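The values are calculated or read from the model by the stated rules, or taken from the named source; none is laboratory data. On a predicted model such as this, the values are computed, not experimentally measured, just so you know. Here the Cβ positions follow ideal geometry from the backbone for every residue, glycine too, while neighbour counts run over all protein chains shown. Ligands, DNA and RNA are stripped out before the accessible areas are found, and what is left, the full protein with its side chains, is counted by its heavy atoms. Shrake-Rupley method; radii C 1.70, N 1.55, O 1.52, S 1.80 Å.
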Amino acid sequence: MNDAFKALGDPTRRKILDLLKNGNLTAGEIAENFDMTKPNISNHLNILKQADLIWDERKGQHIIYSPNTTVFQDVLKWMIDIQQSRG
């Protein structure tokens, strides 16, 4: 879960996740929403993948990215458990 929190600490990665909540996208489609190089976007995508926050699937010449909602559920459960234990 530490990797997830570290990945979520970056505003660019949070925006990528925000984009993916509306549907699966290719790296090129994601990059269209940023003013940075495609290698920089790829680096952010790799960090999100390493944290298991997104999945990728090759379809022909494209890689399609989608959110891994299971990890978000785990993080939310952890946060709720912490809140309930304090109050």
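For first residues located in the range 28-44 and under 13 Å from Tyr65 (Cβ atoms), partners that are open to solvent by 50 Å² or more (accessible area, probe 1.4 Å) and β-branched (Val, Ile, Thr) and lie 6+ apart or on another chain with Cβ distances below 9 Å form the pairs Ala31/Thr37.
Among the residues of the range 62-82, those identified as closer than 17 Å to Met1 by Cα and free of Cβ contacts under 8 Å to residues at least 60 places away in the same chain are Pro67, Asn68, Thr69, Thr70, Phe72, Gln73, Leu76, Lys77, Met79, Ile80, Asp81, Ile82. Considered as a group, the residues in the range 57-69 that are of a type outside the set (A, V, I, L, M) and more than 16 Å from Asp18 (Cα to Cα) include one that is nearest to the chain's Cα centre (by Cα), and that residue is Glu57.
Listed by position, the helices (runs of 4 or more DSSP H) enclosed by the chain that each have at least 2 residues that are surrounded by 14 or more Cβ atoms within 10 Å (Cβ to Cβ) and in contact with a His (Cβ under 7 Å, 6 or more places away or on another chain) are 11-20.
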